[in-house]
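What follows is a set of notes on a single structure, which appears directly below.
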Amino acid sequence: MIEIALFALTSFGVGLSGALVPGPMFTVTVSDSVKKGFKTGPMIILGHIMTEILMMIAILAGLGQILGSQTAAFIIGIFGGTVLIFMGYSTSRSNTTLSNIKTNENRTPKYGSFIKGVITSISNPYFFIWWGTIGLAFMFKGLALAGIIGILAFSIGHWLADLSWFSVVSFASSRGSKFMSDETYKAVMVICGVFLILLGVYFIVSQVNLF
């Protein structure tokens, strides 16, 4: 039992180290939290977790080696980079103001952040690379340690790390929005959008250079 608890704690640490690295999900969490408040972070992570559950099922079905292949990385990198560039362009070109957001807050689709959690997961090539390497190793380590209980220990530790960090990011972003002008809000959206575009370009270029 102690060994399983230590394994879950290790999974939390590894998950947190990955979550702390700025990426598409971090950027979308910041931009959406300014619009919708603290609930954004947990909803984005819920979408991310749902994607990871499907990924774990795929790995157990024998797709782990395929996910880690160079061809898969190339296809995912090109597709994911294109999606991120589109998301970044849409974010940076948004004409929405904070006052409009507050007026139309009740009309905002509740599933929007959940869907973005899914999109920012599958559009990030490193998501698949991580699951094809580190995630794969931890899953089978947990399986060897305690069967399905070991996989659950890994999953809980990993997901708690994501939920903890992105909830903090969401809370800080939503609190800051209360003191933000429309001009500052627009600047934040442009910065977030440009960052997503640069990430998308980087993903595409890095994969093209591999071939």
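The values are calculated or read from the model by the stated rules, or taken from the named source; none is laboratory data. This structure is a prediction, so every number in the text was calculated from the model and none was measured. All Cβ positions, glycine included, derive from the backbone under ideal geometry; neighbour counts span all protein chains shown. Surface areas here come from the heavy atoms of the whole protein model, side chains and all, with no ligands, DNA or RNA. Shrake-Rupley method; radii C 1.70, N 1.55, O 1.52, S 1.80 Å.
Before moving on, here are some points about what is shown:
- Checklist (1) part of a helix (DSSP H, G or I); (2) modelled with pLDDT under 85; (3) open to solvent by 30 Å² or more (accessible area, probe 1.4 Å); (4) of a type outside the set (Ser, Thr, Tyr) applied to Lys110, failing item: (1)
- Scope the stretch 142-153; condition crowded, with 16+ Cβ neighbours inside 10 Å and either more than 12 Å from Ala5 (Cβ to Cβ) or in contact with a strand residue (DSSP E or B) (Cβ under 7 Å, 6 or more places away or on another chain) (or both); matching residues: Gly142, Ile151
- Considering only residues in the stretch 160-179 that are open to solvent by 50 Å² or more (accessible area, probe 1.4 Å) and assigned to a helix (DSSP H, G or I), the one that is modelled with the lowest pLDDT turns out to be Arg175.
- Considering only residues in the stretch 78-107 that are at pLDDT 55 or above, surrounded by 14 or more Cβ atoms within 10 Å (Cβ to Cβ) and among the β-branched types (Val, Ile, Thr), the one that is farthest from Ile45 (Cα to Cα) turns out to be Thr97.
- Pair list, Cβ < 8 Å and 6+ apart or interchain, from the stretch 143-168 residues that are of a type in the set (D, E, K, R) to residues that are part of a helix (DSSP H, G or I) and open to solvent by less than 20 Å² (accessible area, probe 1.4 Å): Asp162/Gly15; Asp162/Ala19; Asp162/Ile45; Asp162/His48
- Among the residues of the stretch 180-191, none qualifies, meaning not one is open to solvent by less than 60 Å² (accessible area, probe 1.4 Å), under 14 Å from Met25 (Cα atoms) and modelled with pLDDT of 80 or more.
- Subset tally (residues that are acidic (Asp, Glu) and within 23 Å of Arg93 (Cα to Cα)) for the stretch 1-51: 1
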